[in-house]
């Protein structure tokens, strides 16, 4: 009977087909792994090559700034401050690209320890004061009561830098408040609440739906005006999730924005290399 697909011959063909698919799948996996290694090596090499001259530029700029301040050369000082700001922005972008690559691959490592989050808040806000003043903004830091936190200090710092720099960039002639508080919803459970409130341009409901997408540039006009890669907020959300928390946002177009990073205040010891951190699936408006 012609067209029989249930005989020995058809079974052999199916077995052969499956074996071929398995071989192709193994080849594809090997190619993907090789591509990942090549990408990681490229990022590492590019990072090294960029960091070396950037650090030299920042170092010499700082020396010249000290001389300009001592000599009272106001015009020169302003130009040097712009160079310093641009260099630090580039260095921050390099760091974000590398960290985001680690998050995507589930290779993010946590360095958990105790620290004072109030001091960290002041430390993050200090270098951003000139940028806030340039946009005619008033920046307020409300650290609240002194209380210790156990987490990855460097990752918390990155989260705060992204949120605060984002608020300053999208606010002009307004007010930005960064605050810290603690919540204890149950015995033995403590959360650190970092909140950044601005009176800036706000975010539309449609843009809110895609705010944390990596490299998202939801509004080209905003990107042209304010700059940014759309990577900063995606990285901040991913880091927050890696620390056991999350970032929430409330906003209304033209009325300002509130970003709230809610993080465990007593994080346990790190699981070791290869900490898995998922990338959020929401995404971009030209913010960084």
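Scan 34, 56 and give me the residue that is under 30 Å from residue 79 (Cβ atoms) and assigned to a helix (DSSP H, G or I).
The conditions single out 56.
Which of (1) assigned to a loop (DSSP other than H, G, I, E, B); (2) modelled with pLDDT of 90 or more; (3) surrounded by fewer than 17 Cβ atoms within 10 Å (Cβ to Cβ) does residue 272 not meet, given it meets every other one?
With respect to (1) assigned to a loop (DSSP other than H, G, I, E, B); (2) modelled with pLDDT of 90 or more; (3) surrounded by fewer than 17 Cβ atoms within 10 Å (Cβ to Cβ), residue 272 is out only on (2).
Report every pair of residues separated by at least 6 positions or lying on different chains whose Cβ atoms are under 9 Å apart, first residue within the range 170-191 and on the phi > 0 side of the Ramachandran plot, second part of a strand (DSSP E or B).
Listed by first residue and then by second, the contacts come to 188/266.
Which is outside the structural domain of residue 241 (by TED's automatic domain parsing), under 26 Å from residue 127 (Cβ atoms), surrounded by 10 or more Cβ atoms within 10 Å (Cβ to Cβ) and touching a helix residue (DSSP H, G or I) at 6+ places or on another chain (Cβ under 8 Å), of 67, 85?
85
Test each condition in (1) assigned to a loop (DSSP other than H, G, I, E, B); (2) under 30 Å from residue 172 (Cβ atoms); (3) modelled with pLDDT of 90 or more for residue 259 and report the one that comes out false.
Result: residue 259 passes all but (1).
Here are the criteria: (1) farther than 29 Å from residue 106 by Cβ; (2) at pLDDT below 90; (3) surrounded by fewer than 22 Cβ atoms within 10 Å (Cβ to Cβ). Tell me which single one residue 203 does not satisfy.
The number of the failed condition is (3).
Within the range 124-135, is even one residue touching a strand residue (DSSP E or B) at 6+ places or on another chain (Cβ under 8 Å) and in contact (Cβ under 8 Å) with a residue 60 or more places away in the chain?
no
Does residue 184 fit the bill of being assigned to a strand (DSSP E or B), farther than 20 Å from residue 201 by Cα and more than 21 Å from the chain's Cα centre (by Cα)?
yes
Mind checking whether some residue in the range 55-70 is modelled with pLDDT under 90 and more than 25 Å from residue 91 (Cα to Cα)?
Yes - at least one qualifying residue is present in the range 55-70.
Would a scan of the range 29-45 turn up a residue that is more than 28 Å from residue 140 (Cβ to Cβ) and either in contact with a helix residue (DSSP H, G or I) (Cβ under 7 Å, 6 or more places away or on another chain) or surrounded by 16 or more Cβ atoms within 10 Å (Cβ to Cβ) (or both)?
Yes; the residues of the range 29-45 include at least one that is more than 28 Å from residue 140 (Cβ to Cβ) and either in contact with a helix residue (DSSP H, G or I) (Cβ under 7 Å, 6 or more places away or on another chain) or surrounded by 16 or more Cβ atoms within 10 Å (Cβ to Cβ) (or both).
For the range 94-111, enumerate the residues that are in contact with a strand residue (DSSP E or B) (Cβ under 6 Å, 6 or more places away or on another chain) and either assigned to a helix (DSSP H, G or I) or buried (at least 16 other Cβ atoms within 10 Å of the Cβ) (or both).
Matches in the range 94-111: 102, 108, 110.
Which residues, taken from the range 115-139, are part of a strand (DSSP E or B) and loosely packed, with under 13 Cβ neighbours inside 10 Å?
none
Would you pick out the residues in the range 160-181 that are surrounded by fewer than 17 Cβ atoms within 10 Å (Cβ to Cβ) and touching a strand residue (DSSP E or B) at 6+ places or on another chain (Cβ under 6 Å)?
175, 177, 179, 181
Can you work out which of the residues in the range 140-157 that are surrounded by 20 or more Cβ atoms within 10 Å (Cβ to Cβ) and in contact with a helix residue (DSSP H, G or I) (Cβ under 7 Å, 6 or more places away or on another chain) is farthest from residue 234 (Cα to Cα)?
Top of the filtered list is 149.
Check the range 231-241 and report whether any residue there is at pLDDT below 80 and closer than 23 Å to residue 135 by Cα.
There is at least one residue in the range 231-241 that is at pLDDT below 80 and closer than 23 Å to residue 135 by Cα.
The values are calculated or read from the model by the stated rules, or taken from the named source; none is laboratory data. From a predicted model like this one, the values you see are computed outputs, not experimental measurements. Here the Cβ is made from the backbone with ideal geometry for all residues, glycine too, and neighbour counts use every protein chain on show.
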